[in-house]
Amino acid sequence: MSNSTVPRSRAEADTGSPSPAAPATTTGPATKKTRTRQSLRVRFRRDRLLLLMTLPALVLVLVFNYVPILGNVVAFQDYDPYISDNGVVSILESPFVGLENFRRIFEDSAFWNAVENTLVLFFLQLVLYFPVPILLALLINSVVRPRVRAVAQAVLYLPHFFSWVLVIAVFQQLLGGAGLLSQLLREHGHDGLDIMTDPHTFTFLVTAQTVWKDAGWGIIVFLAALSSVSPDLYEAAAMDGAGRWRRIWHVTLPALRPVIALLLVLRVGDALTVGFEQILLQRDAVGPGAAEVLDTFVWWNGVRNQDFGYAAAAGLVKGVVSIGLVLAANKVAHLMGEQGVYKK
Amino acid sequence: MTPNAASPSAPSRRSFLASSAVAAAAVAGGMPLLAACGGSDTKSREGTTSGKDAKKLLPAYVANNVVTPDIPAKNGSAVGFTARLDLAGLKTSVPAKLGKGGKVTIMSPFWGSPPKSDNAYYRAMNDLIGVDVRWQNQDGNTYEQKLGAVLASSDVPDVVVVPGWNMNGKIPNAVISKFADLGPYLSGDAVKQYPNLAAIPTDAWQRSIFGGALRGLPMPASYVPNIVPLYRKDIFDKEGYEVPRSTDEFMALAKEITNARAKRWACLDMKWIAFPAFGVLSGAEKPLGWNLVDGKLINRIETPEYLEALEWARKLFAAGVVHPDAEFGKNAPDPGPKFAKGEFLIYANDLSQWWSRTTEQAVQNPQFKVWGMDLFAHDGGDPTLWATQPANIFAFVNKKASEAVVRDVLAVANVTAAPYGTKEYMMTNYGVEGTHYTVKDGVPTKTDQGNNEVMNAYVMVAGPAATIAHPDFPEVARGQVEWQQRMGAFTRKSSFYGMQITEPSRYTNLGNDLEQMEDDVVRGRKKISDMQQWISDWKSKGGDRLRDWYKKVLDDNGSAAS
């Protein structure tokens with residue numbers, strides 16, 4: 001709140017003070033200026049303790065979120081971190097190459113392949129993964145006995161706490177070429193399955209893993225939203241003769257709508273982040289043709305091949321596209337009459 | 001970082017490089033030349049150091065034969081020791097502790113699960129050396145992923161072990177700019193303070209010259225190819241399988257072995273066996289992949305044999321004789337347990353696994369017998385094998401380390417490089433008697449604690465001349481050395497054998513996804529024609545210019561190959 005007033009007052013002061021053409025009006029802005037200043041000072045004094053308390057968080061954000069952004073300058077360099085022992089000096093001494101890295105990116109078929117895989121995976125997860133927590137939340141919400149409900153919730157949450165390494169190892173043991181399922185099939189005279197290493201179905205595999213691991217965790221927000229729906233509404237609807245489905249359609253889902261819209265916008269902002277660890281662990285099993293996404297592309301070129309400038313450029317492209325997607329999704333949310341992540 | 005920029009100002013220490021710097025100045029930034037090496041300090045230096053210039057840097061060689069080997073080296077093999085262990089007769093090669101009690105941190109690749117940082121073996125070794133070594137063990141299979149980040153940080157450990165196969169991308173530049181010149185401590189007669197280091201063969205030291213300075217502490221190795229097709233001899237004998245002598249025989253055998261219903265497959269990925277079968281130039285290191293043929297340098301990937309080898313490896317996958325785990329590539333589980341269970345009978349890996357698989361299974365699985373298959377030529381004739389390098393793992397000392405730390409590191413190396421037959425060798429390789437191994441009738445047996453703690457930590461720092469000594473399994477030691485000697489007879493050296501070459505940084509990303517392509521082709525995810533396309537792209541994106549660059553290196557240095 002206070003933030004928004006500061007630039008405004010300053011802007012007015014700026015337009016007011018350098019005005020040799022109209023010296024007569026100087027008194028107006030001047031008094032206004034002092035008034036804002038005073039009120040600012042007063043407010044500052046009043047809130048100084050609160051402001052002081054936000055300071056550590058502010059510093060953290062600055063140091064760990066904003067200062068590193070400056071490092072993106074390596075995207076315009078042939079960056080060699082080994083020139084010097086000091087990262088900053090290395091950046092200063094690395095030669096600038098202009099947009100060369102970006103030119104390389106746009107010519108690199110591997111990059112476009114990663115973009116394609118990322119988008120395919122995003123849409124697939126949007127369709128197959130995003131609705132699952134909503135359905136589960138509705139299901140759990142309809143359970144009346146608290147005991148059963150607690151157990152169901154615990155069972156659903158649990159996989160979220162497994163690391164990806166473990167999840168993938170379990171999938172390999174069960175569905176791998178020499179795993180439980182394939183061996184069972186072979187013992188009964190069928191061919192083994194190739195689920196874990198088939199590049200064509202890899203996106204489905206990844207989505208299935210995500211659903212198994214994280215869908216339960218995703219219901220928390222929806223459950224909270226559901227609990228805020230007044231029981232009166234259900235009662236009234238029931239009185240009017242609405243059946244179970246009508247109640248869900250006309251009471252429950254409208255109540256969830258703002259939350260769904262908010263999460264959808266956030267999800268779209270993350271669209272290009274489709275699961276780094278999970279995919280990196282399985283990249284060699286299906287090859288980069290099917291498994292390379294933008295994050296693993298950046299990792300592979302930056303960390304593995306030390307082509308840091310190139311990787312940073314790819315990361316920047318990803319960042320810019322992500323911002324565009326958030327803005328677009330938010331716009332859509334506004335059009336739907338929802339708030340989205342920020343107000344208009 | 002243009003190669004020509006660095007040189008003209010500083011007078012070069014090395015005459016041949018100075019001359020090429022003049023040439024570079026004359027060409028004025030036209031064709032890429034070997035020039036940059038003339039630069040004054042530790043800036044990136046491409047090329048290699050050989051001849052007179054190398055001689056000035058190399059440590060003196062003083063042989064140190066404590067025990068006469070039971071099998072002397074032949075055809076480039078290691079020396080073999082098969083005799084019973086005489087604990088009382090062990091010599092002392094380091095009479096006085098050289099360590100001054102300082103603390104040294106060492107980052108090193110580790111295969112398997114590392115022991116606790118404070119354990120009896122590490123304590124005993126540190127006590128023997130007189131240095132407090134703190135290990136930072138990193139997973140060896142994914143070491144390259146850590147290495148780049150650690151070297152880019154300002155917090156580089158005192159010692160970093162870097163295997164040659166991890167020197168991709170800009171790592172060679174990092175080696176040159178981040179690590180100390182050990183020349184003042186080791187060149188010429190200086191090395192004589194460290195008798196065990198003085199006994200390291202000169203060709204291993206030659207490989208340790210990076211960017212015109214002696215920077216590495218080498219682990220000498222046999223130059224005979226190190227990848228062996230290991231097979232389950234016990235099951236072969238029981239089922240009456242014959243060891244194949246050609247690719248066709250291999251395929252026929254593989255089909256006979258495979259019975260997926262009974263959970264048995266013939267092998268894992270055989271790519272690294274297909275290459276020698278078709279006589280493909282070594283892929284162990286980039287420079288080894290080039291060879292001078294009729295006055296022109298040819299890269300291994302340009303040869304028809306290379307594609308034939310990939311095609312054959314692909315056929316194995318297509319025929320369904322490869323264990324499904326091999327599909328996972330680098331993320332495949334450790335082959336040990338499934339090999340022991342007999343889920344597959346053949347796999348290709350380093351020669352050292354011949355012994356380590358044997359010892360792993362010795363107690364709980366007495367029938368288990370692993371043996372090494374001779375490499376075969378695709379047509380059943382004599383194979384054409386290409387030498388690897390005489391040293392391929394190096395320990396480097398941080399440039400910022402004080403002299404005291406460097407001296408302590410050399411004290412560590414002087415113990416770990418002790419030859420077989422010394423107390424230091426036994427301690428380094430077997431640990432403390434009674435705690436890590438017991439001796440009965442001259443046969444040392446590692447205890448559980450020994451198997452947990454005495455793994456590949458100290459042996460990574462520097463090693464004695466290539467040695468194979470397994471008093472616990474003398475027949476394995478004999479098998480390994482004799483395998484090397486038989487294969488050594490077929491081994492030839494390509495043009496850049498023995499040299500340590502740093503490619504110009506603008507070419508370092510050229511071959512980045514080659515291995516990925518190979519694995520995709522072999523697993524049927526990409527076609528041979530995709531590979532051909534990749535190769536022609538490689539040529540136009542810099543492969544051809546790289547060829548010219550290598551030609552220049554060869555013209556300036558001559559070939560060490562015989």
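Read-outs throughout are calculated quantities, based only on the coordinates presented, and are distinct from any laboratory measurement. Because the structure is a prediction, the values reported are computed rather than measured. Quick reminder, even Gly has a Cβ in these numbers, built from the backbone with ideal geometry, and neighbours come from all protein chains shown.
Details
- Cα centroid of segment A:242-302 to Cα centroid of segment B:95-126, whole Å: 46 Å
- Chain B: relative contact order as a whole-number percent, Cα under 8 Å and 6+ apart: 25 percent
- Cross-link table B:LYS116/B:LYS338; B:LYS74/B:LYS493; B:LYS192/B:LYS399; B:LYS170/B:LYS493; B:LYS493/B:LYS552, entries beyond 21 Å C-alpha to C-alpha: B:LYS116/B:LYS338; B:LYS192/B:LYS399; B:LYS170/B:LYS493
- Dipole of segment B:38-149, positive direction: furthest Cα of B:PHE110, B:ALA73, B:GLY51, with charges on the beta-carbon: B:GLY51
- Annotation: amide H of B:ALA391 within the under-5 Å range of B:ALA221, sequence separation 5 or more or interchain, hydrogens built in the peptide plane.
- Here the sum of -39500 (n - 2.57) over DSSP H runs of 4 or more residues, divided by the residues of chain A, equals -22000 deg cm²/dmol at 222 nm, to the nearest 500.
- Restricting the calculation to alpha carbons of segment B:86-148 gives Rg and Dmax of 14.8, 46 angstrom.
- Shielding by partners - mean other protein chain Cβ count within 10 Å, residues of A:177-186: 4
- Under the Karplus curve 6.51 cos²θ - 1.76 cosθ + 1.60, θ = phi - 60°, whole-Hz ³J(HN,Hα) for segment B:194-206, x wherever Gly or Pro sits: 10, x, 5, 6, 5, 8, 6, x, 4, 5, 6, 5, 4
- Residues whose amide H lies under 5 Å from that of B:ASN349, counting only those 5 or more places away or on a different chain, are B:VAL228, B:LEU230; hydrogens are built 1.01 Å from N in the peptide plane.
- Counting only the Cα atoms, segment B:382-467 fills a convex hull of 157 Å³ per residue.
- When each of B:LYS52/B:LYS178; B:LYS315/B:LYS551; B:LYS400/B:LYS539; B:LYS255/B:LYS330 is checked by Cα-Cα distance, pairs over 29 Å: B:LYS315/B:LYS551; B:LYS400/B:LYS539
- Our note on the geometry: Cα centres of segment B:294-372 and segment B:152-187, 31 Å apart.
- Of the two radii for the protein assembly as shown, the radius of gyration is 1.03 times the Kirkwood radius, both from the alpha carbons; that is the Rg over Rh value.
- Relative exposure of A:LEU62, A:LEU181, B:LEU147, B:LEU128, judged by other C-beta atoms within 10 Å (fewest first): A:LEU62, A:LEU181, B:LEU128, B:LEU147
- Using θ = phi - 60° in the Karplus curve 6.51 cos²θ - 1.76 cosθ + 1.60, the 3J(HN,Hα) couplings for segment A:81-91 round to x, 8, 4, 9, 7, 10, x, 5, 5, 4, 5 Hz; x is entered for Gly and Pro.
- Packing-based order for B:357-369, B:334-346, using average beta carbon neighbours within 10 Å, highest first: B:334-346, B:357-369
- Electrostatic dipole magnitude of the protein assembly as shown [Cβ: Lys, Arg +1; Asp, Glu -1; Cα centre; debye, to 20]: 3240 debye
- Selected from A:GLN173, A:PRO258, A:LEU92, residue furthest toward positive end of dipole (chain A; charges at beta carbon): A:PRO258
- Taking the DSSP bridge list for the protein assembly as shown and keeping only pairs wholly inside it, about 60 percent are antiparallel.
- Positive-end residue of B:PRO333, B:PRO195, B:ILE273, charge dipole of segment B:185-341 with Cβ unit charges: B:PRO333
- Derived scalar couplings ³J(HN,Hα) [segment A:119-128; Karplus, 6.51 cos²θ - 1.76 cosθ + 1.60; whole Hz; x for Gly, Pro]: 5, 4, 5, 4, 5, 4, 5, 4, 7, 8
- If only the Cβ of Lys and Arg carry +1 and only the Cβ of Asp and Glu carry -1, the dipole of chain B around its Cα centre is close to 1020 debye.
- Fraction of alpha-carbon pairs over 35 Å apart in chain A - percent: 49 percent
- If only the Cβ of Lys and Arg carry +1 and only the Cβ of Asp and Glu carry -1, the dipole of segment A:76-164 around its Cα centre is close to 1140 debye.
- Normalised contact order of chain A, rounded percent, pairs of Cα under 8 Å and 6 or more residues apart: 21 percent
- Segment A:123-141 versus segment A:59-79: alpha-carbon centroid distance in Å: 36 Å
- Largest first and in whole Å, the equivalent-ellipsoid semi-axes of segment B:383-432 read 27, 21, 7, each the square root of five times a Cα gyration tensor eigenvalue.
- Fraction of beta bridges assigned by DSSP in chain B that are antiparallel (%, nearest 5): 60 percent
- Rounded if a/c under 1.5, otherwise prolate or oblate - chain B, Cα gyration tensor axes: oblate
- Residues whose amide H lies under 5 Å from that of B:HIS470, counting only those 5 or more places away or on a different chain, are B:PHE81, B:ALA477; hydrogens are built 1.01 Å from N in the peptide plane.
- Computed over segment B:316-372: relative contact order in percent, which uses C-alpha pairs under 8 Å that are six or more apart: 22 percent
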